[in-house]
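Report on the following structure.
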Amino acid sequence: MSRNSIKNIPVLICILGIGLSACSGNSIAATPTVTIQVETATFTLEPTITPTPLPPTATPIPYTNISSPLQNISLDELNSVNTNPFDPPPLGFDEPHQGIDYSYYRFENELMTDSDGIEGLEILSVLDGSVTSVINDRMPYGNAIIIETPLNLLPPQWLAALQIPEIAATLVPDPRHNCPDLVDDPSWDNTSRSLYFVYGHLLNPPQFFVGDTVKSGEVIGQVGNTGNSSNAHLHLELRLGPGGASFDSMAKYDTRASIEEMANYCTWRISNRFELLDPATILQFRP
């Protein structure tokens, strides 16, 4: 074998070994290529759960409580200080007496000994309700407040015992009363009926506004001697009328009374639009 043949042997080997290694003076092994398969996570959305609304519940009727109208004198003791009982007038007239007067010069029970008379004794709201009129030093009520209690606030057994009368016809006052045209306010609700308590002859003007709510037993004033009154007493009056009735003021038997005040008074006390009831019909109940 010639020297050139021997010299070509590495070239032949290199040719035969193509694909297995690089042809160089130093052979370097090929680095394997690794392919990594990454699984992609698949998310499945669950359906959104829509909550089922609860069935509506009946709205409870907030039955009202009842309180004596005089601080520290119980409902059972009221008759002992009744100095001018209920004495309703003929329909369409204003006298003799449309409420109950409570007064004393000396009173004693387990809660108090009062030898100074009733003037200044705190007056309490008989029922829950809302203020519908605030009267400041006008004849004949003097300082007074009227509080409305819708009939649907009363317990059913009270309503059954009261024997609420049917709505009566509105009367035209006797001409001798010199009443202006009666009030017919479209805002009054003739489809519902309410009780209205008057607390008259208060010592000071009531510190309330029309629309204020009051609770049974809440202090609403003090016994006084204002208006057409000859001695300190609470005049308590009760009427049944259309719901939501309110009066800015009312007055009569006084040259200072405006036409509007006299119209309110005649509508309230003489027309029978607000039917007169004996306050004892409510005061007979107990908490």
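Here, each number is a calculation from the coordinates, and none is a lab measurement. None of the values given here were measured: they were computed from a predicted structure. Virtual Cβ from ideal backbone geometry, glycine too; neighbours counted across all protein chains shown.
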Low-density loop cleavage sites - GluC sites (Glu not before Pro) in the range 89-121, where at most 13 other Cβ are within 10 Å (DSSP):
110
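Taking 25 Å as R0, compute the FRET efficiency from the Cβ-Cβ separation of residue 170 and residue 259 and round it to 0.05.
E(calc), rounded to 0.05, equals 0.85.
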Out of all Cα-Cα pairs in the range 54-198, roughly what percent, to the nearest whole number, are more than 19 Å apart?
68
With just the Cα atoms of the range 75-283, tell me how far they stretch along each of the three principal axes, in Å, largest first.
48, 44, 32
Modelling each spin label as a point 7 Å along the Cα-to-Cβ direction, I'd like the residue 72/residue 190 distance in nm, to one decimal.
4.8
Tell me the Rg and the Dmax, in Å, that the Cα atoms of the range 247-287 produce.
14.0, 44
Three semi-axes of the equivalent ellipsoid, the range 139-179, Cα gyration tensor, whole Å, largest first
29, 19, 8
Looking at the range 243-286, which trypsin sites (Lys or Arg not before Pro) are in a loop (DSSP not H, G, I, E or B) and have at most 15 other Cβ atoms within 10 Å?
256
